Amino acid sequence: MSADLVSQVQQRFGLYLHIPFCRSICHYCDFAKTANFTQDHVTAYMDLLERQLDWFLNSEQGARQKFTSIFLGGGTPGMLSREYEGIFRKLKNHIAPDCEISIETNPEDIQPDILAQWHDLGINRISMGVQTFQERGLEVLTRNHGSIKAQRAIEEVLKVFSNLNIDLIYGWPDQSVQQWRQDLEQAAVLGVPHLSLYNLTYEAGTPLNRKKDRGMLQDVADEHLESLYQTAMMTLSGPWIHDEVSNWSLPGFSCKHNWLYWQDSHYLGLGCGAHGYLPVGEVGLRYAFPKQLRTYLRAGEGFVDADITSLEEFLISHGASIDEGRTLSDWLLELIGCSLRSRKGVPVNEIEKLLKCKFEPGKILQTGIDMGLVKLEKGQLYLEPSEWFRETSWATELVMAFES
Ligand code: SF4
């Protein structure tokens, strides 16, 4: 990597910890999660995470690392609080000043004493799965909470934490544009400073997908999805900053951890189903842990750290699959894919330096530039936010422009 890109990437290093436990399973969910667990599973899992973290923080690479953002994702990490004490004790000397520390939770988990415990641990950002304020939508999405509960939970969180994200889902069957606008306006009225908006996808193997296959749910037309997205763009104007295709923030509340992913920075990921991206070799090391809780726990059982000397050995010994044989072209595609949908855009000059090539837009890309859909300023390339929805086709054009 070029010196500029390297230093930018090295300034940030994140930690992602996946907590797979949920009270019940939402029918659309494709994350690594389980509602079939005992307290023994929780204890064994947290113990394994602590041992893994310990190994990393005492390794040659980890000993000097300070995390600039930490994200407890799931599953429902918000089901736990004191269980994180051991992890935060280990992290004590590895947290950078101004580190953003987020926890994902659901409205039904919010209680004043739990909020106080998270605060005492050093957590400073809450991300809550609200999904919609419409009772019909909550029913279709098989969520555990009602609309009033979600509103009360937001009010409770904002008494303790100013930095709150809520996830909202659009495109659930029969959702109208009006209902979607109400959801967005409701979030704004409640004072939520960060929104992640996702369209409902029907993932293979989920109960929701089976219902659709049996004709029990009606598919949503692409045009309707696009009009819901346009509604979000129009409703969230004014002070809202459109950070990335799915994320909006008020000034000062952009999510640091998200920017790691959108700018190809490195992070350690631990936990079942967790992915990671470490600064190893020319193009970094990408890996993923097994998604099933029991497989992950079994893989960690035989871990004897005395025999492990490299990060690769450590990951493999815990059942991780490593993305072998990544090339500079793979890296380029990843970098363009993740940064093209964000307001900070693609670092064209840096890529030119790194690949020792010249950026030469082809016909389609040049037309996009001429029409103002694509902007090239000070060595950065940006897509107009209205085009972020079509990022995949622009990414292909962009990769070709570097290969010419
Ligand atoms: S609470 Fe979140 S992680 Fe758990 S099943 Fe529902 S959507 Fe999935």
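Brief remarks on what is shown
- Using the 1.4 Å probe convention, the accessible area of region 328-403 works out to 50 Å² per residue with neighbouring protein chains retained.
- Backbone HN-Hα couplings from phi across region 84-93 [Karplus 6.51/-1.76/1.60, Hz, Gly and Pro as x]: 8, 4, x, 5, 5, 5, 5, 7, 2, 8
- Among the GluC sites (Glu not before Pro) found in region 92-160, not one is both in a DSSP coil and sparsely packed, with 11 or fewer other Cβ atoms within 10 Å of its Cβ.
- A Förster radius of 60 Å combined with the Cβ-Cβ distance from residue 380 to residue 213 puts the calculated FRET efficiency at roughly 0.85.
- Debye intensity ratio in log₁₀ form over the Cα atoms of region 328-403, taken at each q of 0.14, 0.19, 0.28 Å⁻¹: -0.36, -0.70, -1.67
- Total formal charge among the other residues, if their Cβ is under 15 angstrom from that of residue 98, Lys/Arg +1 and Asp/Glu -1: +3
- A simple spin-label model places pseudo-atoms 7 Å from Cα toward Cβ; at residue 142 and residue 61 they are separated by 3.8 nm.
- Separation in nanometres of the label points that stand 7 Å from Cα toward Cβ, at residue 353 and residue 37: 4.4 nm
- With a cut-off of 12 Å between beta carbons, the residues surrounding residue 235 carry a summed charge of -1, where Lys and Arg count +1 and Asp and Glu -1.
- Reduced Cα scattering model of region 239-300, Debye log10 I(q)/I(0), q = 0.15, 0.29 Å⁻¹: -0.63, -1.10
- For region 168-265, a/c is not less than 1.5, where a ≥ b ≥ c are the root eigenvalues of the C-alpha gyration tensor, and a/b does not top b/c. That puts it in the oblate class.
- Global size of the chain as Cα Rg and Dmax, reported in angstrom: 21.6, 61
- Among the GluC sites (Glu not before Pro) in region 204-293, those located in a DSSP loop and surrounded by at most 15 other Cβ atoms within 10 Å of their own Cβ are 282.
- Region 94-139-region 250-274 distance, computed between alpha-carbon centres (Å): 16 Å
- With both residues required to sit in the chain, DSSP beta bridges show an antiparallel share near 40%.
- Here the Gaussian network model covers the chain, with springs between Cα atoms less than 10 Å apart; of 274, 96, 150, 96 fluctuates the most.
- Gaussian network model of the chain, springs between alpha carbon atoms under 10 Å - residue of 129, 379, 345 with greatest fluctuation: 379
- Here the Gaussian network model covers the chain, with springs between Cα atoms less than 10 Å apart; of 93, 106, 247, 93 fluctuates the most.
- Of 189, 220, 346, the order by accessible heavy-atom surface (1.4 Å probe, DNA, RNA and ligands excluded), from most exposed downward, is 189, 220, 346.
- Computed from backbone phi with θ = phi - 60° and the Karplus coefficients 6.51, -1.76 and 1.60, the 3J(HN,Hα) list for region 233-242 is 4, 6, 5, 8, 9, x, x, 5, 10, 8 Hz; x is used for glycine and proline.
- Ratio of Rg to Rh for region 259-404: 1.09 [Cα atoms; Kirkwood radius as inverse mean 1/r over pairs].
- Note on residue 222 and residue 328: with the Förster distance fixed at 51 Å, the Cβ-Cβ geometry gives a FRET efficiency of about 0.90.
- Residue ranges 312-318, 209-215 sort as 312-318, 209-215 when ordered by packing (mean number of other C-beta atoms within 10 Å per residue, highest first).
- Pairs from the list 356/378; 66/291; 149/291; 33/159; 90/291; 66/344 with a Cα-Cα gap above 22 Å: 66/291; 149/291; 33/159; 90/291; 66/344.
The values are calculated or read from the model by the stated rules, or taken from the named source; none is laboratory data. All of these numbers come straight from a predicted model, not from anything done at the bench. Note that each Cβ is placed from the backbone with ideal geometry, even for glycine, and that neighbours are counted across all protein chains shown. With ligands, DNA and RNA removed, areas are computed over all heavy atoms of the protein, side chains included. Shrake-Rupley method; radii C 1.70, N 1.55, O 1.52, S 1.80 Å.
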